[in-house]
Each structure stands twice: as structure tokens, then as C-alpha cells.
1. May I ask you to list the residues in the stretch 92-103 that are surrounded by 14 or more Cβ atoms within 10 Å (Cβ to Cβ) and either in contact with a helix residue (DSSP H, G or I) (Cβ under 7 Å, 6 or more places away or on another chain) or farther than 14 Å from R131 by Cβ (or both)?
2. Where the second residue is among the aliphatic types (A, V, I, L, M) and assigned to a loop (DSSP other than H, G, I, E, B) and the first is free of Cβ contacts under 8 Å to residues at least 60 places away in the same chain and surrounded by 11 or more Cβ atoms within 10 Å (Cβ to Cβ) and lies in the stretch 104-120, which pairs have Cβ atoms under 8 Å and are six or more apart or on separate chains?
3. Based on this model, can you work out whether L62 counts as open to solvent by 90 Å² or more (accessible area, probe 1.4 Å), closer than 18 Å to A133 by Cβ, aliphatic (A, V, I, L, M) and out of contact with any Gly (no Cβ under 7 Å at 6 or more places or on another chain)?
4. Spot the failing condition for Y132; the list is (1) closer than 21 Å to N58 by Cα; (2) out of contact with any helix residue (DSSP H, G or I) (no Cβ under 8 Å at 6 or more places or on another chain); (3) in contact (Cβ under 8 Å) with a residue 24 or more places away in the chain; (4) not aliphatic (A, V, I, L, M), and only one is missed.
5. Among the residues of the stretch 79-91, what is the count of those that are open to solvent by less than 100 Å² (accessible area, probe 1.4 Å) and either small (G, A, S) or not in a loop (DSSP other than H, G, I, E, B) (or both)?
6. Among what's in the stretch 121-134 and is touching a Lys or Arg at 6+ places or on another chain (Cβ under 8 Å) and open to solvent by 30 Å² or more (accessible area, probe 1.4 Å), pick the residue that is nearest to R65 (Cα to Cα).
Amino acid sequence: MTRCSPRSRGPTPAARERERAPAPCARGFTLIEVLVAMTIAAVALMTAIRATTSLAVNATELRTRTLAQWSAENRLAQIRVAREWPNLGRRQFDCSQGGIALLCREDVFQTPNPQFRRVEISVLDEQASFRYARLVGFSTRQP
């Protein structure tokens, strides 16, 4: 009900008309609007989950590749420090690091200079089906 100011004796005719008219319906969200908003939110959440999963997979892959690189560097450093003159050919050995099973493949090749040998270290998964790292170095024959 409309309040009247102390000066007036009653509601104005326009105010009386407003009181008799039915109140306008309160406007809310329609079902379609709610479904569209939920669809947008679902797509955004799926994208966020996919990105998070991708980051987790990439972090694991990066860790494995880093450990593989270290394994190859360790072998080349061992050859240098021990002043090894490795035999020509290929040999494989376990070079696991950080709880990850890795297989190192060492290929030794003759070079045009008889005082040098090229050493290629490839670090593979356990089944030798995927290469995580490859490093090439040289061994010299010290007099």
C-alpha cells in the first residue's frame, strides 16, 4: 500500500491505479540461460583439467629425460676420468637413475685420426624401444 505524505489527504489517482494493477512478475533466469551457463562452465573446467593433466605428463617426461641425460653424461665422464680407450663396437648396460629403469647403449666408432674414438651413448627405456637421450663424445689415447 502506498504511503501518503502528511500534506496530502490520500493517494493520488495514479497511485491508486498502480495499487489495483497486478504486480509485474519477477524476472529470473530461464532454463535455457541456465543450461548455456552450465555448458560454458563445463567446457572451461574440462579445459582446465586437460591442461593440468598435460602438465603432469610433461613433468614426468621431463624428469625421465633429465635422468637419461645424466646417465649418458656420467658414462662419458667415466671414460674421460679413467682415461679409457673403449673397444670398437656396441655394448649395452643398465644405467638406471632415480628409480627409473634405463638401458644405455654405447657405440664406439673409429675416427680418421687413430688417436681418437667417437663414443655415442643412447639412453633407452627398458625394452629398448624408445630413446630418451643421445650424447656423443670422444675418447683420446693418451701416450
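The values are calculated or read from the model by the stated rules, or taken from the named source; none is laboratory data. In this text, all values refer to a predicted model and were calculated from it rather than measured experimentally. Positions of Cβ are generated from backbone atoms using ideal geometry, with glycine treated the same way; all protein chains shown enter the neighbour counts. Side chains are part of the model used for accessible areas, which takes the heavy atoms of the whole protein and leaves out ligands, DNA and RNA. Shrake-Rupley method; radii C 1.70, N 1.55, O 1.52, S 1.80 Å.
1. C95, Q97, I100, L102
2. Every condition considered, the pairs that remain are R105/A128; V108/L88; F109/L88; R117/L88.
3. Taking the combined requirement at face value, the residue satisfies it.
4. (2)
5. 3
6. So the residue we want is Y132.
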